[in-house]
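Chemist: Quick one: the structure is below, questions incoming.
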Amino acid sequence: MTPAEIDRVFGRARLRMITGEHVEVFREEAREGEERRYTKRFLETASGDFRPWTEREWRILDRLGARGDAAVARVVRFFPADDTGMPRLQTRDAGPTVDQWAALVPLRRTTPVLPYVFGDCANWWALARQCLIAFEPLHALGFVHLDFKADNVCVPWKPALAARPIAGQPMTPDFDGLSLIDVAFSLLPGVDLPGALPLAHEAGFEYQSPRLLEALDEGRRGRHSSSTGAATSSASPRCCGAICPSSTTPPAPVGRASATRRRRGSSVSCSRSTAHRSLPRDRTAR
Ligand SMILES: Nc1ncnc2c1ncn2[C@@H]1O[C@H](COP(=O)(O)OP(=O)(O)O)[C@@H](O)[C@H]1O
Ligand SMILES: [Mg+2]
């Protein structure tokens, strides 16, 4: 890893994450020994006013986090709207995203040297298994993430230290500690939506559920469908209505496709590269 890459994944300075233009996310400065935190706020842009989604993200994380074992980022604090009319949400560091593990953290063993942790298929299995374990109790509550992808899943590292790992220090992804982030546009019964979900089909990056895509298509045509119900499983009727607004004009979908569309190039062997190509490149930058 280059020093810049180490800093992007493990650094402790304040860092603005690259996100869509509707939102701002900062990794906050943390002293050695202090836990890192992220602060997020949705913005008002020419495409619409996204500010109310910050409070919704807080409500969802707060409600799920109250269960103790829910695999979601933990809330540090919700700051109500200030003079700018923008609330902020601070969460505890949930670890590097799967995207960062895949794009920025090489793994070296005595032999062979792997380009990244998922070059070892045992780690793919561990990731897939832990995702299923994480989702089972969340789905039982009616939670549907709707934007489940590599940069919205965090996996901390072991040994757990509130410090940047030292060169040569053995470390490994702690799959048992996996958490989901970025839940503002998720569905959770009892947490109302401030408007129609600003989700869109990500054309250049195929990760979205076919049922969600069908629901979005139906919504664009102003219809509700059985697939909407399926996509939202046990979510409330209000949520389904918001995915497929038949009588309201949805806000412009958020512009996240360009960031997630960029993919890491790969020259590794066939089975690895297939998995590899499905991951977006890390999106952090100073
Ligand atoms: N609690 C957290 N722990 C670790 N990384 C985080 C956390 N919150 C945000 N991030 C980082 O910031 C990025 C953007 O945050 P996210 O909530 O996913 O916003 P967006 O809606 O822009 O995708 C994430 O992909 C991740 O790299
Ligand atoms: Mg995200």
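Chemist: All but one of (1) within 16 Å of ligand 1 (Cβ to nearest atom); (2) in contact with a Phe, Trp or Tyr (Cβ under 8 Å, 6 or more places away or on another chain) hold for T172, so report the exception by its number.
Modeler: For T172, the exception is condition (1).
Chemist: Same structure, new question: Can you tell me which residues in the range 79-106 are surrounded by fewer than 17 Cβ atoms within 10 Å (Cβ to Cβ) and either free of Cβ contacts under 8 Å to residues at least 40 places away in the same chain or assigned to a loop (DSSP other than H, G, I, E, B) (or both)?
Modeler: F79, P80, A81, D82, D83, T84, G85, P106
Chemist: Restricting attention to the range 156-186, and to residues there that are in a strand (DSSP E or B) and within 16 Å of ligand 2 (Cβ to nearest atom), which single residue is surrounded by the most Cβ atoms within 10 Å (Cβ to Cβ)? Give the steps one after another, and end with the answer.
Modeler: Within the range 156-186, the first condition is being in a strand (DSSP E or B), and the residues that meet it are 157-158, 172-173, 179-180.
Right, trim to within 16 Å of ligand 2 (Cβ to nearest atom) and you get 179-180.
Numbers: S179: 21, L180: 24.
The qualifying residue surrounded by the most Cβ atoms within 10 Å (Cβ to Cβ) is L180.
Chemist: Output the qualifying pairs, or none if there are none: Cβ atoms under 6 angstrom, residues six or more apart or on different chains, first residue in the range 4-21 and at positive phi and outside any loop (DSSP other than H, G, I, E, B), second residue aromatic (F, W, Y) and at pLDDT below 95.
Modeler: Hits for this filter: zero, empty list.
Chemist: Going by what's in this entry, would T97 be described as under 13 Å from D182 (Cβ atoms), near ligand 1 (Cβ under 9 Å from one of its atoms) and under 15 Å from the mean Cα position of the chain (by Cα)?
Modeler: Judged against the criteria, T97 is a match.
Chemist: Give the residues of the range 139-155 that are closer than 14 Å to L104 by Cα and either more than 16 Å from ligand 2 (Cβ to nearest atom) or part of a loop (DSSP other than H, G, I, E, B) (or both), sorted by residue number.
Modeler: V155
Chemist: More than 20 Å from L127 (Cβ to Cβ) and either among the small types (G, A, S) or touching a residue at least 12 places away in the same chain (Cβ under 8 Å) (or both), is that true of L188?
Modeler: Details: more than 20 Å from L127 (Cβ to Cβ): yes; either among the small types (G, A, S) or touching a residue at least 12 places away in the same chain (Cβ under 8 Å) (or both): yes.
So L188 fits the description; yes.
Chemist: Residue by residue through the range 135-150, note down the ones that are buried (at least 20 other Cβ atoms within 10 Å of the Cβ) and either within 24 Å of R67 (Cβ to Cβ) or away from ligand 1 (no atom under 15 Å from the Cβ) (or both).
Modeler: Once the filter is applied, which keeps residues that are buried (at least 20 other Cβ atoms within 10 Å of the Cβ) and either within 24 Å of R67 (Cβ to Cβ) or away from ligand 1 (no atom under 15 Å from the Cβ) (or both), the range 135-150 yields L138, F143, V144, H145, L146, D147, K149.
Chemist: Regarding L197, is this residue at pLDDT 90 or above, more than 15 Å from ligand 2 (Cβ to nearest atom) and touching a strand residue (DSSP E or B) at 6+ places or on another chain (Cβ under 9 Å)?
Modeler: no
The values are calculated or read from the model by the stated rules, or taken from the named source; none is laboratory data. Since this is a predicted model, take the numbers as computed values, not measurements. Neighbour counts are summed over all protein chains in view; Cβ atoms, including those assigned to glycine, are modelled from backbone coordinates with ideal geometry.
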